[in-house]
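The values are calculated or read from the model by the stated rules, or taken from the named source; none is laboratory data. Please read all numbers here as calculations on a predicted model, not as lab measurements. Using ideal geometry, Cβ is built from the backbone for each residue, glycine included, and neighbour counts are taken over all protein chains shown. Protein only, heavy atoms only, side chains kept; ligands, DNA and RNA dropped before computing areas. Shrake-Rupley method; radii C 1.70, N 1.55, O 1.52, S 1.80 Å.
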Amino acid sequence: MSSDSRARLKPWTSASAMNVLDIQFMLEILPKMLFAALVTLEISVLAVVFSIALGILLTTWKLLGGKVSGALIQAFVEFTRGVPQLVQIAIIYFALPRFGVVLNEFWTGVVALTFIGAGYAIEIIRGAVESLDRGQRESAIALGLSELQTLFLVLYPQAARRILPPLTNELANVIKASALLSVISVNELTKVANDIIFEYFVVIEVLIELAGLYIVIIGGLIWLSRALEKRTRA
Amino acid sequence: MLDALPRLLPAFWVTIEVSAISLALAMLLGLSCGTARAFLAKRNPLTWLMDAYVGLVRCTPIIVQIYAAYLLLPKIGMRLDVFWIGVIALTFNSAGYQIEIARAAVQSISKGQTEAATSLGLGWWHTIRLVVLPQAFKRMIPAVTNEMSHLVKASAVLSVISLFELHKAATALQATSFKFVELLAVQAMLYLPLILGVSRIARYLETDVFGFEGKTETVDIR
């Protein structure tokens, strides 16, 4: 009963059997966590935009270039899929300064995630272009467009609609990967939460809030991806 | 780089071990729960529970799940070795995805199959075991092997809870030798054949052992 009375005296501050979670503390750290979630979103959106740009560039190169460039790009795709994301992040983190590119953590994170996302972006774009009717390309060539014009004026604009659902899904995956950036001390959501845990030694509250924020963001994106897919199919 | 190799190989073995044990456990859990989930009614507490679990796993990053296992398991009185915490975290993660794989595969088998089996006088157990599962397994194989390579990649994240697997071992060597890029290259060269090898085996299983004629409908949930 003593825990009961204690809980009544300090309603939200004691972690007794009455209230397991320290709601007050969770509310206190919420602004910090929301700001960090914003950083996570920022990094991920930038990375996805860049990786799509890189993906379009590499896909074009692959479709128009010779066998050698095709093999090179295939090797790149295999590399991004075959090496753990954490190792790729470490590679970017340590290798960029070696080549004289010194970026702050935020942009290092963006570059690393772009690298991770580009391999998948290539696959998404290739899949969308291949799903288009063959007649589109043939008639464009027959009308006298060059291969490059065909791609950019005819095929990519049509593929763009089909890219949207898998792209949203890809954004969700990149956000999950962005949590790994905490190991190179990018101040994103996981890093901030981890710092709070070891500053106050409060574990469960912070983890629940962290998971909750991720579920809202990623769950929302997965839902959006599904909704978009239904619309494009209809 | 060559000097580092013998010191990295035991750690590489830990990577393989932790991934393999987690895979086996997650398959057991995921495939059985997923099959059950496919047959449960929509309004069933078990369905809600499993859907919530799958949602939780799919919507949180693996590193958060690993931190959670590392920080929460001792709180509920389980003092385990980091290796086993890693196994639990990876199993927790992978089982969530595999429930979804199994559910999607089983539900993709046409309803006529179960109806035909029932009308032939098979009980529910025989219907599932003899008719539905053999067909569903075939569709699961690509997704499950995909999951295998995901697990190996996820095991690198276990370095954050200082499990001495390949990535952690290489990081430790980096700290003493300052050969950052070289050690990263060695890591890539060890991971790449393992993960690509897994997907090669997968393709072999798909085409040669289980004999997919052309392209069969498969499930993909990532």
Take the conditions surrounded by fewer than 21 Cβ atoms within 10 Å (Cβ to Cβ) and at pLDDT 85 or above and apply them to residue A:202. Does it pass? no
Take the conditions within 11 Å of chain B (Cβ to nearest Cβ), under 22 Å from residue A:48 (Cα atoms) and of a type in the set (Gly, Ala, Ser) and apply them to residue A:178. Does it pass? yes
In segment B:163-186, the residues that are under 28 Å from residue B:58 (Cα atoms) and more than 14 Å from chain A (Cβ to nearest Cβ): B:164
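Among the listed residues A:213, A:221, A:228, which satisfies the condition of being closer than 16 Å to residue A:26 by Cβ, buried (at least 17 other Cβ atoms within 10 Å of the Cβ), within 20 Å of the chain's Cα centre (by Cα) and in contact (Cβ under 8 Å) with a residue 40 or more places away in the chain?
A:213
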Please list, ordered by first then second residue, the pairs with beta carbon atoms under 8 Å, 6 or more apart or interchain, first in segment B:58-81 and touching a residue at least 60 places away in the same chain (Cβ under 8 Å), second open to solvent by less than 60 Å² (accessible area, probe 1.4 Å) and among the charged types (D, E, K, R). B:62/A:176
Please go through segment A:95-112 and pick out each residue that is within 21 Å of residue B:185 (Cβ to Cβ) and either modelled with pLDDT of 85 or more or among the polar types (S, T, N, Q) (or both). A:108, A:111, A:112
Out of all the residues in segment B:62-80, is one or more open to solvent by less than 50 Å² (accessible area, probe 1.4 Å) and either touching a Gly at 6+ places or on another chain (Cβ under 7 Å) or over 23 Å from residue B:153 (Cβ atoms) (or both)? yes
Would a scan of segment A:169-190 turn up a residue that is open to solvent by less than 40 Å² (accessible area, probe 1.4 Å), closer than 30 Å to residue B:157 by Cα and part of a loop (DSSP other than H, G, I, E, B)? yes
How about segment A:66-84: which of its residues are in contact with a helix residue (DSSP H, G or I) (Cβ under 8 Å, 6 or more places away or on another chain) and open to solvent by less than 60 Å² (accessible area, probe 1.4 Å)? A:69, A:70, A:73, A:76, A:77, A:78, A:79, A:80, A:82, A:83, A:84
Can you spot a residue in segment B:1-15 that is within 16 Å of the chain's Cα centre (by Cα) and in a helix (DSSP H, G or I)? yes
Could you count how many residues in segment B:41-64 are assigned to a helix (DSSP H, G or I), within 10 Å of chain A (Cβ to nearest Cβ) and touching a Lys or Arg at 6+ places or on another chain (Cβ under 8 Å)? 1
In segment A:199-222, which residues are more than 15 Å from residue A:38 (Cα to Cα), more than 10 Å from chain B (Cβ to nearest Cβ) and part of a helix (DSSP H, G or I)? A:199, A:200, A:205
Would you be able to say whether some residue in segment A:159-168 is within 11 Å of chain B (Cβ to nearest Cβ), assigned to a helix (DSSP H, G or I), within 20 Å of residue A:215 (Cα to Cα) and open to solvent by less than 10 Å² (accessible area, probe 1.4 Å)? no
Test: residue in segment B:86-105 that is among the basic types (Lys, Arg), over 15 Å from residue B:27 (Cα atoms) and open to solvent by 30 Å² or more (accessible area, probe 1.4 Å): no
Within segment A:85-107, considering residues that are of a type outside the set (A, V, I, L, M, F, W, C) and under 18 Å from residue B:167 (Cβ atoms), the one surrounded by the fewest Cβ atoms within 10 Å (Cβ to Cβ): A:93
Which of the residues spanning segment B:145-159 are under 22 Å from residue B:68 (Cβ atoms) and either modelled with pLDDT under 85 or open to solvent by less than 20 Å² (accessible area, probe 1.4 Å) (or both)? B:147, B:151, B:152, B:154, B:155, B:156, B:157, B:158, B:159
Are there any pairs with C-beta distances below 9 angstrom linking a residue in segment B:182-205 that is open to solvent by 40 Å² or more (accessible area, probe 1.4 Å) to a residue that is outside any helix (DSSP H, G or I) and modelled with pLDDT of 80 or more, with the two at least 6 apart or on different chains, and if so which? B:192/A:83
Is at least one residue of segment B:149-162 farther than 30 Å from residue A:85 by Cα, away from chain A (no Cβ under 11 Å) and assigned to a helix (DSSP H, G or I)? no
